[in-house]
1. Confirm whether A:Ile194 is in contact with a Leu (Cβ under 8 Å, 6 or more places away or on another chain), more than 14 Å from chain B (Cβ to nearest Cβ) and either at pLDDT 90 or above or under 22 Å from A:Leu223 (Cβ atoms) (or both).
2. Take A:Phe184 and tell me if it is surrounded by fewer than 19 Cβ atoms within 10 Å (Cβ to Cβ) and touching a residue at least 12 places away in the same chain (Cβ under 8 Å).
3. Name the single residue that is surrounded by the fewest Cβ atoms within 10 Å (Cβ to Cβ) among those in region B:374-415 being within 14 Å of chain A (Cβ to nearest Cβ) and either under 30 Å from B:Gln192 (Cβ atoms) or of a type in the set (Ser, Thr, Tyr) (or both).
4. Going through region B:130-170 one residue at a time, which ones are of a type in the set (A, V, I, L, M, F, W, C), within 30 Å of B:Gly477 (Cα to Cα) and in contact with a helix residue (DSSP H, G or I) (Cβ under 8 Å, 6 or more places away or on another chain)?
5. Quick check on region A:14-24: of everything there that is more than 7 Å from ligand 1 (Cβ to nearest atom) and assigned to a strand (DSSP E or B), which residue is farthest from the other protein chains (Cβ to nearest Cβ)?
6. Can you tell me which condition A:Phe33 does not meet? The list is (1) among the aromatic types (Phe, Trp, Tyr); (2) at pLDDT below 90; (3) touching a helix residue (DSSP H, G or I) at 6+ places or on another chain (Cβ under 7 Å), and all the others hold.
7. Out of all the residues in region B:171-182, is one or more of a type in the set (A, V, I, L, M), under 23 Å from B:Ala476 (Cα atoms) and either assigned by TED's automatic domain parsing to the domain that holds B:Ser129 or not in a strand (DSSP E or B) (or both)?
8. Restricting to region B:583-633, name every residue that is assigned to a loop (DSSP other than H, G, I, E, B), more than 29 Å from B:Phe560 (Cβ to Cβ) and of a type in the set (Lys, Arg).
Amino acid sequence: MIRLRDITRYYTNGFVKTFVLRGVRLDVAEGEFLTIMGPSGAGKSTLLHILGMLDATSEGEYYFHDIPVHELTERRRTELHQQNIGFVFQSYHLIDDLTVYENLETPLLYKKVKAAERKSLVADMLDRFGIVAKKDLFPAQLSGGQQQLVAVARAMIIHPRLILADEPTGNLNSKQGEEIMALFRELNRAGTTIIQVTHSEKNAAYSHRIIHLCDGWVTGHQLAASG
Amino acid sequence: MIWILLKQTLRGIFRDKFHSFINVFGLGLGIACCIIGLLFIQDEWSADRRHANAGRIYRYGVQMTIGGVTGVQTTCNAAAGPLLKEFIPGIESYIRIGSAGEILVKHKADAFQEENFLWADPGLLTAFSHSFVHGNPADGLNRNNTMVLTRSLARKIFGERNPVGQMLEIENHGPFEITGVIADPPLSDHLQFTALLSFSTLFKGLDQAELFQPSNLSGDMGYGLYFLFAPGFTAEEFAAQERRFYGKYQAAVDGIQYLGLVEPLTDIRLRSSLDSGQAAVNARFLFWFGGIVLFILFLACVNYVNLTTARASKRAKEIGIKKVVGSSHGALVAHLLTESLVFVLVALAAGIILAQIILALTPLNEVIGKNLQVNPLSNPILLPALAAIWVVVGVLAGLYPAFYLARLSPVRTLKGKAGSPAAGRFIRQALLVAQFVITIAAVALTLLMVRQLDYVHGKDLGFRKDHVVVIKVTEAGLLNRVDAFKDEVRRCPGVRAAACSNAVPGLGYTGFAFNWETSSGEMKLHAFPSLQADSDYFRTMDIQLIQGRNFSRPASRADFRNKSLEVVVNERLVRLMGWQEPIGKRFQYGTVVGVVRDFHFDPLHYDIRPVFITAPMDPAPYVSASIRGDRIRETLQQLRARWQAFAPGYPFAYTFLDQRIARIYTEDEKQQKLATLFAGVCLLISCLGLFALASFTIGQRTKEIGIRRALGASLASVVVLLGRRFVLWVLLANALAWPLTYLAMRQWLESFVFRTPIGIGVFLLAGVSVLLVAMLTVSVQSIRAARANPVDSLRYE
Ligand SMILES: Nc1ncnc2c1ncn2[C@@H]1O[C@H](COP(=O)(O)OP(=O)(O)OP(=O)(O)O)[C@@H](O)[C@H]1O
Ligand SMILES: [Mg+2]
């Protein structure tokens, strides 16, 4: 599903190039659950952003279902992203000014989904994640775990083939974290490909495969407990 | 989608009530000014265009050259209309008008002193479009002694009754039958009047065939003339025909060169060639007004842009998330622009309401001499104009913030790095400085206008203007006995001196072309303005005689025939003629006997002109009395009693000379009042913007303030720290504003020949006062921020 070839990402600061990713080579198959681990500053988030098409590569090739993402125009990239990818972040990143319902609806608006269909999709999600009662609340009125639940629901609502999660449990207590991880496993079993970044061995254990990133280099592949 | 955006935008507006209010109010005020400006421009532009025949109506004027001096005037002899119409087939009809001056109107026992009556040919009602309340255009002013009232005058005299068929007694002209009532002409109309009197009455019983001869055209030129041209007849064709007429009848008449000219009715207000002075005043006023309005709108838009980009850090996260969940760049720009349009729509509604409030509750209409109203439904241009304002302001004000925000990288915004207040700070500061440049300029210009008007009112005019009462005698029978009345007035204990004259300051002079003896002894034709005043005039008015003597006797027609008139001239005339010894110099009808110090008979817009003064040959209608300043009320009582004995049944009408003079400057006062108003609005909008921006930047620095306070910084040092930057901006604005303002001031002062010097004072005063207001605006918030408990601000994080 994903093929990265010699992905390099650097920032130019004056005349100094700071390398964040160096020659990353990675293949991810459809239906996989992958964990990226590594020390802080290793480039994990950067890699995830590139995978999610939020950030561009400096060098290298990125094929998504054999489509050369590195060659696409901004507009085509947005389209590809819109159709296929859902994001979950450590700090949830819900829109503060929108209610739970509206937060869930937002990705559908950008996909130009019809109103009636939007309504049923959002209702489905609310139902599936057990947050129907919260639909008219604003993010600030929810607990961290509930906010992350909404964030996952928002990522799921477009039925993405790939979910990218950057330390999704980082701000949660362990019980909330377990709930989210259980949810991921369930989604993965239903066919969604998941790539997560985490520092926790426990979370990593939910996935099939772990790669280690250090100083921008991929330093190791490892099969996870469940893999 | 659009509904969802709408809902979300409105919610956003309500969420941050404080900033939204400032934003809506500021922008609304700007839009209100813009609406008023538009109405004003519409009103000026449509002046006289409302007449159905406006395109075919032309005003006639005359360019004459006498004694080498060429002048253009918009008045002519009463014969010009009939003679030209007969000669030129392209003229469909002519409309002559004449001012009836101050006139007494009697209805049964009631008497009314009226000022704005016009003598007019019936064409005024048929060629021009006036809507009739009673009667009809066709039989309006066709017969002698008929008149048409405006609705307001009809109401004043007759109440709500229909006055058609009733009679009014007009001073010196007998009874008039009312044949119609028309709506008051709108203030933008060039011809303003409260009633029309049939023009033919003026020549009743006279032999018009003899009177209306081409040879008379260059004399008795006291009437206005308008033509209704046949469709297709042009001003160029008129000019050609007029030359033929001149060649045939006038060329041989005398040494005067006479050229008849026409200009379209619709040009009169803003670009007249015949009366370019007034048109230039109108056009310039329009220019300034429009400019100011655009500036204010700009100020309001700046507030919007600044607040929106300053809040970018709040919005940045939302934008980043939207990109993450799949929004494209284009969709975001569209979204932000829509938001701006929704916002401006709200501001537009506020603006309409504010404009209505301003026009209804402030004296603005009175100041600008208009009757502007916000009627979106009945005014055909208002709705499209509002729509245009909406789109233009919405897009202009929204464009920069939209692209600025949509460009932010989602990765960076979500890390909280982009959209920090530092981003776009330069543009915000530049805009803020621009705002204050305009504000300081407006304030300084206003101060200068006030100063110039003070100067005008305080300037020594070369004659006494305080405590001078002017009484005008108009009725012919009374006028013949005016000298007796003057003597009565002089006998009042409170009166220092009294005199009769044919003009008072501010009314202007009549000019006459006579032969004058040059310094080399020959006689040469010169056109000088003249004043007729009796020998008491100089004493009454404190005009100083510096050479020779006063008039030794009243003048008479015989003096004229015998060339033995006594003339007093002013210094300017002596200088112009280059006389070494003015006393004894000859002029066509007499001899110079005295010289008076120059005095300002004309408004201070104009230079002092060479003037000669003779004693009146006909009774002079203005009785001026210089009264003692300590018993004004009693003296007026005495004057009233003498008037009633002199003219039983006539109302006692008087004016104070200083008030009459002040009236000359109403136009300037109008500009000054308007400038004050706009300077106030500028200051208000700019400070609103500053207030919001300061609250925002200070809000951003809460944590820093907390740390500094925790480290022991004093309250004062924190306030200085926070306020310093704003003060620097305003100082910078001062530096930029002063040279620009100086140029604008020079331009404005150019309309006065006598001007107050532009001192550094107005700049300092404007700069310092704006700075103080700005500092006050900022320090309110700095102090509040600095006094907050540091622990509170640090607890988050
Ligand atoms: N705009 C930038 N300019 C320069 N360097 C940057 C920029 N953004 C990120 N970096 C650097 O890239 C490196 C990788 O950052 P990244 O956020 O991918 O790390 P990470 O592995 O996710 O770390 P963490 O576990 O702390 O989240 C860091 O050293 C960071 O300083
Ligand atoms: Mg990271």
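1. Numbers: in contact with a Leu (Cβ under 8 Å, 6 or more places away or on another chain): yes; more than 14 Å from chain B (Cβ to nearest Cβ): yes; either at pLDDT 90 or above or under 22 Å from A:Leu223 (Cβ atoms) (or both): yes.
Against the criterion (in contact with a Leu (Cβ under 8 Å, 6 or more places away or on another chain), more than 14 Å from chain B (Cβ to nearest Cβ) and either at pLDDT 90 or above or under 22 Å from A:Leu223 (Cβ atoms) (or both)), A:Ile194 qualifies.
2. Working: surrounded by fewer than 19 Cβ atoms within 10 Å (Cβ to Cβ): no; touching a residue at least 12 places away in the same chain (Cβ under 8 Å): yes.
No; evaluated as a whole, the condition is false for this residue.
3. This residue is B:Ser409.
4. Keep residues of region B:130-170 that are of a type in the set (A, V, I, L, M, F, W, C), which gives B:132-133, B:138, B:141, B:147-149, B:153-154, B:157-158, B:164, B:167-168, B:170.
Subsequent filtering for residues that are within 30 Å of B:Gly477 (Cα to Cα) retains B:141, B:147-149, B:153-154, B:157-158, B:164, B:167-168, B:170.
Passing the criteria: B:Leu141, B:Val148, B:Leu149, B:Leu168.
5. Let us first name the residues in region A:14-24 that are more than 7 Å from ligand 1 (Cβ to nearest atom), namely A:14-17, A:19, A:21-24.
Within this subset, residues satisfying the condition of being assigned to a strand (DSSP E or B) are A:16-17, A:19, A:21-24.
Working: A:Val16: 19, A:Lys17: 18, A:Phe19: 17, A:Leu21: 13, A:Arg22: 19, A:Gly23: 21, A:Val24: 17 Å.
Checked region A:14-24; the qualifying residue farthest from the other protein chains (Cβ to nearest Cβ) is A:Gly23.
6. In the conditions (1) among the aromatic types (Phe, Trp, Tyr); (2) at pLDDT below 90; (3) touching a helix residue (DSSP H, G or I) at 6+ places or on another chain (Cβ under 7 Å), A:Phe33 misses (2) alone.
7. Residues of region B:171-182 of a type in the set (A, V, I, L, M): B:178, B:181-182.
With under 23 Å from B:Ala476 (Cα atoms) added as a condition, the list becomes none.
The answer is no; no qualifying residue exists.
8. B:Arg628, B:Arg631
The values are calculated or read from the model by the stated rules, or taken from the named source; none is laboratory data. Because the structure is a prediction, the values reported are computed rather than measured. Methodologically, a virtual Cβ is constructed for each residue, glycine included, from the backbone with ideal geometry; neighbour enumeration extends over all protein chains shown.
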